[in-house]
Structure formats: C-alpha cells, structure tokens
Amino acid sequence: MLINAFIKLSERFPSFRRWAWQRWYQHIAKYHQTEWSFMNYGFLPDDGSTMLQLDPADEPDRHCIQLYEAVVSGVDLSGKDVLEVGSGRGGGASFIAHYHSPATVHGVDFSSKAVKLCRQRHHASRLHFHHGYAESLPFDDDQFGVVINVESSHCYASADKFFSEARRVLKPGGYFLFADFRAVEEIDLLNRQLEISGFETIDVSDITANVVSAMKADSQRKQLLIQTHVGSWLSGTFGQFAGLAGTPVYESFVAGDMVYLRYCLRNSQV
Ligand SMILES: C[S@@+](CC[C@H](N)C(=O)[O-])C[C@H]1O[C@@H](n2cnc3c(N)ncnc32)[C@H](O)[C@@H]1O
C-alpha cells in the first residue's frame, strides 16, 4: 500500500522521488554505518565464472564488485581522472582506485552522511568523496576522463540534467559508463534522453539475466546481514531494497517488467 503510494507520487512528482530517496539514504548511512560498502544488485557472468581475482577481504562483496567490473570493462582507466556519481558507501570508488590504477577517483553523492562514512572508511591518496547532486555536479567543465554511474539514476529528479552534467564534466573523448534499471515501458525514454544528451553510443547491453543471477546467488548473505543488523519492523523494507530473491523487484526482473541496462558512451565533441 505504502510502496504503491510512493511509486505513484514518484511518477507524478520527480522532486518528491529525489527527496524521498535522499531521506532513505541519509537514514541508512546514519543507522547502519559498518555493515556494507555496496548498495547494488550485483552481476554474475553468463557462465557463472568468477571474472575477477579479488583480495580475500573483498570476496564477500564479489557480486557487487562484478557489477562495477562489467560496467568499466573495455575501457582502460589507468592514469585517468575518474568520477563516480552516486558513489553511495564508497565500495565501488574504492574498488576502482585499488584495482584499476586511475590517476584519481572522485565519488559524489547527495547523502551527506554517506559521504562522511566514505571519508572515514576508505583511504587512498587518490580517492576523494564529495557531497553534491547528480543534476548539478560540483566540478569544472572537462575535468574527468571517465564518469561512472551505477544503479543510481532511477532516483534522480531529472535524468536529462544529469546526462547533460555528465557530458559537461567529461573531457572530449571521455567515457560515460552507465548502468541502471528501468520499467520496460521507460526504456525508449531513457534511450531518447541519452541520444539528446549528445553522447556517442559505443556499446549497450541488456544485463538483466546477469543481475538476476547475482541477486539470487547473493540473497542468503544479504538476508543474514539484514537479520543481524536491521530491526524486524524494517527488515521487509530492507529485503526489498536489497532485492532478495522473491521480492517484488526481483520478480519484476524475472517477469521482464523491469530491465537492467549497461551503456558505454563517449563524449565525442571536439
Ligand atoms: C542504489 S545506491 C548505489 C550506490 C553505489 N553506486 C553502489 O553501487 O554501491 C544509489 C546511490 O545514489 C545516490 N543518489 C541518488 N540520487 C542522487 C542524486 N540526485 N545525486 C547524487 N547522488 C544520488 C544515493 O545516495 C545512493 O548512494
């Protein structure tokens, strides 16, 4: 009932959507500080193989990390200035900094409390976290070689403004590596928004099946985290947020009502 009301209000009033998501991410950064560094549904390769050699300490987050690896695959990040928009609890930006040899990684997020957590938890000389909004990025024109955006844009008040901002802060020739889900009927709009933003499309893939496999494979671990750290009155909400197998969001992917896409785009302006 409450969820339906939230969806209806979000569809009608994008600024309500942004406000509600911001409250939610502030809440979990305040009350759940140490339990997890990633907040995405994950990725499992088609053949179920492990696509990455990880440090043992990173193994529990393998599925979430693999989503980042799938998003950046094919683009060499070494020596580049990388921006992650919607960096959450910093696990992805930290992974890029430690495994992909960039010059710098900057994470930006609208949850000031999540940014504070990131600054406390992730330490590397080339890793920086900032408070800011995807729709008005606090960075100069042509500042970055790569902009990454993982499972965040569905919260934004305006995807158009974000795409235009991503293009503004990218150097000519820079890459915009973007992955998120949409209801199937919203995919045409998303593709139009990307087309209007002026990016050149290098590659697009539907990774829904890979995401669903990861959601299934990671369900038990996430369920245990929720049982251990979240009060029973909020455990259902967290289960939905985490996309546990059997939740409505999981079933929407399985039924094909929601689609998860990965884009590699280029700022081809000269
Ligand atoms: C599902 S989480 C994903 C976090 C991270 N990318 C990951 O995969 O672990 C979405 C993130 O986007 C951030 N976010 C949502 N709307 C935003 C906006 N308008 N501007 C900046 N960050 C935003 C949220 O605070 C949250 O940290």
> How big is the shadow of the Cα convex hull of the stretch 9-107, averaged over all directions, in nm²?
Replying inline: 8.1 nm²
> What is the Å³ per residue value for the convex hull set by the Cα atoms of the stretch 116-240?
Replying inline: 163 Å³
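Answer rounded, prolate or oblate for the stretch 19-175, using the Cα gyration tensor with square roots of eigenvalues a ≥ b ≥ c: rounded when a/c is under 1.5, else prolate when a/b is larger than b/c, else oblate. Could the numbers behind the result be given before it?
On the way: a/c = 1.45, a/b = 1.09, b/c = 1.33.
Here the stretch 19-175 falls in the rounded category.
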> What list of whole percents do you get for P(r) of the stretch 86-126, with Cα-Cα distances grouped in 10 Å bins up to the one holding the largest distance?
Replying inline: 33, 56, 11
>> Using the Cα atoms of the stretch 115-173, I'd like the radius of gyration and the largest Cα-Cα distance, Dmax, both in angstrom.
In response: 12.6, 34
> Near the amide H of V147, under 5 Å away, which other amide H atoms are found, from residues 5 or more places off or on another chain, if H is placed in the peptide plane?
Replying inline: L83, Y175, F176, L177
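For the chain, what does the relative contact order come out to in percent, with C-alpha contacts under 8 Å and a separation of six or more? Numbers along the way, then the final one.
Details: 467 pairs, mean separation 53.4, N = 270.
Averaging sequence separation for qualifying contacts and normalising by length gives 20 percent for the chain.
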>> Largest first, please: the extent of the C-alpha atoms of the chain along each principal axis, to the nearest Å.
In response: 53, 43, 39
> Residue by residue through the stretch 194-208, which ³J(HN,Hα) values in whole Hz follow from phi under the Karplus form 6.51 cos²θ - 1.76 cosθ + 1.60 (θ = phi - 60°), with glycine and proline marked x?
Replying inline: 5, 5, 4, 5, x, 6, 8, 7, 8, 7, 9, 9, 8, 10, 3
> What residues qualify as long-range amide H neighbours of H130, i.e. H under 5 Å apart, gap of 5 or more or another chain, H built at 1.01 Å from N?
Replying inline: G107, V108, D109
>> Can you work out the Karplus-derived ³J(HN,Hα) for every residue in the stretch 225-236? Use 6.51 cos²θ - 1.76 cosθ + 1.60 with θ = phi - 60°, whole Hz, and x for glycine or proline.
In response: 4, 5, 4, 6, 10, 10, x, 4, 5, 10, 5, x
>> Going by Cα centres, the stretch 56-86 and the stretch 156-201 are how many Å apart?
In response: 19 Å
> Setting aside same-chain residues fewer than 8 positions from K113, which lysines have a Cα under 27 Å from its Cα?
Replying inline: K30, K161, K222
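When only DSSP loop residues count, what chymotrypsin sites (Phe, Trp or Tyr not before Pro) in the stretch 70-149 have their Cβ near at most 15 other Cβ atoms within 10 Å? List each step's numbers first, then the result.
Numbers: sites: F95, Y99, F110, F129, Y133, F139, F144; in loops: F110, F139.
Here no loop site has a sparse enough neighbourhood.
Run the dipole for the stretch 125-225 about the Cα centre, Lys and Arg Cβ at +1, Asp and Glu Cβ at -1, nothing else charged, and hand back the magnitude in debye, nearest 20.
Working: 10 positive and 16 negative charges, 96 e Å.
Dipole magnitude for the stretch 125-225 comes out near 460 debye.
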> the stretch 109-124 to the stretch 11-41: how many Å between their Cα centroids?
Replying inline: 14 Å
> When the Karplus curve 6.51 cos²θ - 1.76 cosθ + 1.60 is applied with θ = phi - 60°, which whole-Hz ³J(HN,Hα) does each residue of the stretch 46-51 get, with x for Gly and Pro?
Replying inline: 3, 8, x, 6, 8, 8
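Each value in this text was obtained by applying a stated rule to the coordinates, not by laboratory testing. A quick note: this is a predicted structure, and the numbers were derived from the prediction, not measured. Note: ideal-geometry Cβ built from the backbone for every residue, glycine included; neighbour counts use all protein chains shown.
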